[in-house]
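**Q** For reference, the structure I am asking about is given below.
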Amino acid sequence: MKKNLYVIVSIIIAFSYWCIEAIVHFYIFNEKVFEIIPDDVNELWMRSIITLLLISFGLFADHHTRKLREKEGDKLKLFLVTVGASNHILNNYLQQMLLFKLEAMKCEGFSSEILELFDQIMDDTTAEIRKLESLTELNEGAIRKAVYPK
């Protein structure tokens, strides 16, 4: 989206308003001379105020939109930092769990099915962490879909 889209649109609307107002005065009110800039001070004042209000609204809309985008960017950054920190903690935990697996493998009679289940759980957990890390859209639905795909 363009940086000053609302200002540009409001300037176009204000210019169009000014021209339409001149046309209305010439054709509808039967003024003798077509005037883009009216001689009547009251008419000039009224058009100027409305034009300035339209452009001011465009400036306000652009400023407000920019602030909202900044807030969304800040939320996304915070989310990514949080996920990164959680990822760090979980990866440390997963590495420590590998020590338990190595010790379990040393024990005679330890079920190989349990070790396979352990490997599957580790792979699933890593995959879910990666899904959460790869999110680019920050909203509740996207997060739920990544974490609870079923």
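No lab work stands behind these numbers, since they all come straight from the coordinates. Just so you know, these numbers come straight off a predicted model, no measurement behind them. Positions of Cβ are backbone-derived with ideal geometry, glycine not excepted, and every protein chain shown enters the neighbour counts.
**Q** Those residues that are surrounded by 10 or more Cβ atoms within 10 Å (Cβ to Cβ) and over 23 Å from V147 (Cβ atoms), I need them from the range 94-110; list them, please.
**A** If the condition is that a residue be surrounded by 10 or more Cβ atoms within 10 Å (Cβ to Cβ) and over 23 Å from V147 (Cβ atoms), then L98, F100, K101, E103, A104, M105, F110 are the ones that fit.
**Q** So, one more: Please find, among S48, S111, the residue that is more than 30 Å from A14 (Cα to Cα) and over 35 Å from the mean Cα position of the chain (by Cα).
**A** On the way: S48 fails: more than 30 Å from A14 (Cα to Cα).
Answer to the selection: S111.
**Q** Could you check E116 against (1) more than 37 Å from the chain's Cα centre (by Cα); (2) within 30 Å of I8 (Cβ to Cβ); (3) in a helix (DSSP H, G or I) and say which number it fails?
**A** (2)
**Q** Restricting to the range 127-142, and then to whatever is out of contact with any helix residue (DSSP H, G or I) (no Cβ under 7 Å at 6 or more places or on another chain) and assigned to a helix (DSSP H, G or I), can you tell me which residue is farthest from F79 (Cα to Cα)? Steps first, please.
**A** Our first condition is that a residue be out of contact with any helix residue (DSSP H, G or I) (no Cβ under 7 Å at 6 or more places or on another chain); within the range 127-142, this holds for 127, 130, 134, 136-137, 139-142.
Filter again for assigned to a helix (DSSP H, G or I), leaving 127, 130, 140-142.
Numbers: A127: 18, R130: 14, E140: 12, G141: 14, A142: 13 Å.
Ranking the qualifying residues of the range 127-142, first place goes to A127.
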